[in-house]
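Only one structure is covered here, and it is reproduced in the block below.
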Amino acid sequence: CPVVLAPKNSSVAMPPPADIVKVAIEWPGAFPKLMEIDQKKPLSSIIKEVCDGWSLANHDQFALQHADSSNFYITEKNRNEIKNGAILRLTTSPAQNAQQLHERIQSSSMDAKLEALKDLANYSRDVTFAQEFINLDGISLLTQMVESGTERYQKLQKIMKPCFGDMLSFTLTAFVELMDHGIVSWDTFSVAFIKKIASYVNKFASDISILQRSLAILESMVLNSHDLYQKVAQEITIGQLIPHLQGTDQEIQTYTIAVINALFLKAPDDKRQEMANILAQKQLRSIILTHVIRAQRAINNEMAHQLYVLQVLTFNLLEDRMMTKMDPQDQAQRDIIFELRRIAFDAESEPNNSSGSMEKRKSMYTRDYKKLGFINHVNPAMDFTQTPPGMLALDNMLYFAKHHHDAYIRIVLENSSREDKHECPFGRSSIELTKMLCEILKVGEL
């Protein structure tokens, strides 16, 4: 097609400059101001221009923020995210706001304090505000309020107790939001603060918001500091966490499993198996099946992730046995194989049975080991020298023989009487099944 050139005098609509953003800016008690922001200009000069339009002095004490639910401050770093048609708000600067809230949360008036903590919980989501509040040693102020202030408020009249619950909830929410920015190290917190947070897991079990924030803080402490892991592990037990899985609030259940996962993940290797045994004693698997997986509601993504992590951590406890070769010279290990033979064929046949010659007994054992489905009939210990599955296969076989006694005997006898081409030998099948399950379940992978 031929190119058609517009006549010199015709008016062609030009696209707006890429650096110009058209926005509306609000100020309390005034009509919104429509203006164009030049992204090449310093933010401070744009704020001065806005302040001048409303005859406001001290423009350095003001800032712009998004007028949506986030209320996030606009900075030189994030200003490029402003879109055409955005609604902004002129407000006090982050430094001014942080200073004012720092003073307000220390008010002697309960109502004023509660309102200030509510505002703090909201503003703390913004990293720009958070940095300013933290610079005022705001984290220390909140932890002191948690450590020492709560008893004083609890002693107030009964009518004030609901107010105390809200106040603690907003305090913990602000703390969580501030710490989530990764500005302050978790290693700085005292044992008194940890004890207080751990106590809330039991004391405020009925207050969902306080319980949720407390569990979130404990999880972060464990994951982010080895010293705090040890202190938290001394303060909170699995027995204290389990009841929170038996409730109906999925968010609380999710945070509870997250804390269990964190304790599991950070536990020294020699403590993990001990912890797994406690979880088994407390019927954790059954509780999760009943109250989480089979509950009359869909499992959300975060819960699914936490359950997955718990499974990974549990399965990985099997890695040591999976990678352990059997030692053919180890009598205790050989006794396990003999126990499999005894359960299957002859409960009265003991290794010290003196009847018959040694050769006859060896011949009988070889025949029985063949019936059990081992590859090496003379020395079946050699079947467990391949890793994976190593000794884990033998552990599974012994568990099956002891806990599913009748099924075990039936399988062994049925297969020992089948033709070779239809056989499904118990020994070889068990080893292969264990190896296959380890691959499917990714045992040993983080």
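The values are calculated or read from the model by the stated rules, or taken from the named source; none is laboratory data. Note that the structure is predicted; figures quoted are calculated from it, not measured. Cβ atoms come from the backbone with ideal geometry, glycine included; neighbour counts cover every protein chain shown. SASA here: full protein model, heavy atoms, side chains in, ligands and nucleic acids out. Shrake-Rupley method; radii C 1.70, N 1.55, O 1.52, S 1.80 Å.
Before moving on, here are some points about what is shown:
- The stretch 325-350, subset assigned to a loop (DSSP other than H, G, I, E, B) and within 18 Å of Asn379 (Cα to Cα), residue least open to solvent (accessible area, probe 1.4 Å): Met326
- So Leu64, is it over 30 Å from Ser140 (Cα atoms), modelled with pLDDT of 95 or more and not assigned by the TED database to the domain that holds Glu177: no
- Of the listed requirements (1) touching a residue at least 12 places away in the same chain (Cβ under 8 Å); (2) in a helix (DSSP H, G or I); (3) not assigned by the TED database to the domain that holds Asp395, Asp270 misses just one: (1).
- Taken together, the residues in the stretch 273-299 that are outside any helix (DSSP H, G or I) and closer than 17 Å to Leu263 by Cα amount to 1.
- Scanning the stretch 184-226 for residues that are β-branched (Val, Ile, Thr) and open to solvent by less than 60 Å² (accessible area, probe 1.4 Å) returns Val184, Ile194, Ile197, Val201, Ile210, Ile217, Val222.
- Residue check for Thr387: hydroxyl-bearing (Ser, Thr, Tyr) and not in a helix (DSSP H, G or I): yes
- Leu228 fulfils the conditions (1) of a type in the set (A, V, I, L, M); (2) touching a Phe, Trp or Tyr at 6+ places or on another chain (Cβ under 7 Å); (3) assigned by the TED database to the domain that holds Ala116 except for a single criterion, (3).
- The sole residue among Ala295, Ala258, Ala262, Ala276 that is open to solvent by less than 70 Å² (accessible area, probe 1.4 Å), small (Gly, Ala, Ser), in contact (Cβ under 8 Å) with a residue 12 or more places away in the chain and under 18 Å from Val443 (Cα atoms) is Ala276.
- Flag for Ala57 being among the aliphatic types (A, V, I, L, M) and part of a loop (DSSP other than H, G, I, E, B): yes
- Sub-6 Å Cβ pairs linking a first residue in the stretch 19-43 that is under 17 Å from Ile74 (Cα atoms) to a second residue that is open to solvent by 70 Å² or more (accessible area, probe 1.4 Å) and assigned to a loop (DSSP other than H, G, I, E, B), at least 6 apart or interchain, are Asp19/Lys40; Val21/Asn84; Lys22/Asn84; Ala24/Pro32; Glu26/Pro32; Leu43/Glu76, ordered by first then second residue.
- Inter-residue pairs, beta-carbon under 6 Å, first without any contact (Cβ under 8 Å) to a residue 60 or more places away in the chain and in the stretch 223-246, second outside any helix (DSSP H, G or I), 6+ apart: Ile238/Lys282; Ile242/Lys282
- Qualifying positions in the stretch 64-89 - out of contact with any His (no Cβ under 7 Å at 6 or more places or on another chain), crowded, with 17+ Cβ neighbours inside 10 Å and over 14 Å from Ile46 (Cβ atoms): His66, Ala67
- Take the conditions (1) open to solvent by less than 60 Å² (accessible area, probe 1.4 Å); (2) assigned to a loop (DSSP other than H, G, I, E, B); (3) of a type in the set (D, E, K, R); Lys435 misses just one of them, which is (2).
- Residue in the stretch 90-114 that is most open to solvent (accessible area, probe 1.4 Å), counting only those that are charged (D, E, K, R) and at pLDDT below 95: Asp111
- Verdict on Ala233 being in a helix (DSSP H, G or I), in contact with a Ser or Thr (Cβ under 8 Å, 6 or more places away or on another chain) and modelled with pLDDT under 95: no
- If you go through the stretch 58-72 and keep only what is in contact with a helix residue (DSSP H, G or I) (Cβ under 7 Å, 6 or more places away or on another chain) and among the aliphatic types (A, V, I, L, M), you end up with Ala63, Leu64.
- Failed condition for Ala401, given (1) touching a Leu at 6+ places or on another chain (Cβ under 7 Å); (2) open to solvent by 100 Å² or more (accessible area, probe 1.4 Å): (2)
- Residue among Gly239, Gly247 that alone is closer than 23 Å to Ile278 by Cβ, outside any helix (DSSP H, G or I) and at pLDDT below 95: Gly247
- Within the stretch 311-370, considering residues that are under 29 Å from Glu414 (Cβ atoms) and of a type in the set (Gly, Ala, Ser), the one modelled with the highest pLDDT: Ala344
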